[in-house]
Amino acid sequence: MIELSDLPAVNATLNSISLVFLLVGYHAIKRGNVVRHRRCMVTAFSVSALFLASYLTYRFLGQEKRFGGTGLIRPVYFFILITHVTLAATVPFLAGITLWRAIRGQFVRHRRIARWTFPIWVYVSITGVMVYVMLFVIWRPAGS
């Protein structure tokens with residue numbers, strides 16, 4: 001059984017899985033493999049939805065963690081965290097619109113928004129894992 005304290009690691013894993021599908025899907029469309037692209041992007045979206053449910057569960061039921069790092073790493077961590085959180089708030093909307101346009105066959109509009117959605121989603125996936133590693137692995141939360 002998964003404990004509440006396991007969710008940060010689960011969330012980082014889901015972020016990593018989503019990132020892999022995003023990158024493979026991007027590579028597929030660049031090679032003209034529309035079917036593989038579609039499968040990868042739908043999977044990335046689904047995994048991200050699982051992540052969001054898990055993240056919100058931890059956020060509302062878990063204990064707040066304070067970054068334990070000191071010195072120069074603190075502003076680096078907070079820069080990564082702030083940009084991550086700010087951009088992460090846009091991903092469900094951007095990804096949803098991008099997916100919706102593809103499903104509706106609006107491929108010109110799909111490509112137009114995907115040019116923004118993809119790099120933001122990749123950045124959020126990478127920085128989500130970075131925040132987890134910095135907060136829970138390298139520098140343990142303050143007071144733990």
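A few notes on this one:
- Test result for Leu50, more than 17 Å from the chain's Cα centre (by Cα), among the aliphatic types (A, V, I, L, M) and either closer than 14 Å to Val122 by Cα or surrounded by fewer than 17 Cβ atoms within 10 Å (Cβ to Cβ) (or both): no
- The sole residue among Arg74, Arg109, Arg66, Arg59 that is among the basic types (Lys, Arg) and farther than 19 Å from Val131 by Cβ is Arg109.
- Segment 53-87, subset surrounded by 13 or more Cβ atoms within 10 Å (Cβ to Cβ) and closer than 18 Å to Phe118 by Cβ, residue farthest from the chain's Cα centre (by Cα): Thr83
- Tally, over segment 59-115, of residues that are in a helix (DSSP H, G or I) and either of a type in the set (Gly, Ala, Ser) or free of Cβ contacts under 8 Å to residues at least 12 places away in the same chain (or both): 24
- Unique residue being without any contact (Cβ under 8 Å) to a residue 12 or more places away in the chain and not small (Gly, Ala, Ser) when the list is Val129, Val35, Val133: Val35
- Hits in segment 30-58 - residues which are out of contact with any Leu (no Cβ under 9 Å at 6 or more places or on another chain), polar (S, T, N, Q) and part of a helix (DSSP H, G or I): Thr43, Ser46
- Given (1) under 20 Å from the mean Cα position of the chain (by Cα); (2) under 19 Å from Leu7 (Cβ atoms), index of the condition Arg140 fails: (1)
Rule-based calculations on the coordinates, nothing more; no lab input. The structure displayed is predicted, hence computed values, not measured ones. Using ideal geometry, Cβ is built from the backbone for each residue, glycine included, and neighbour counts are taken over all protein chains shown.
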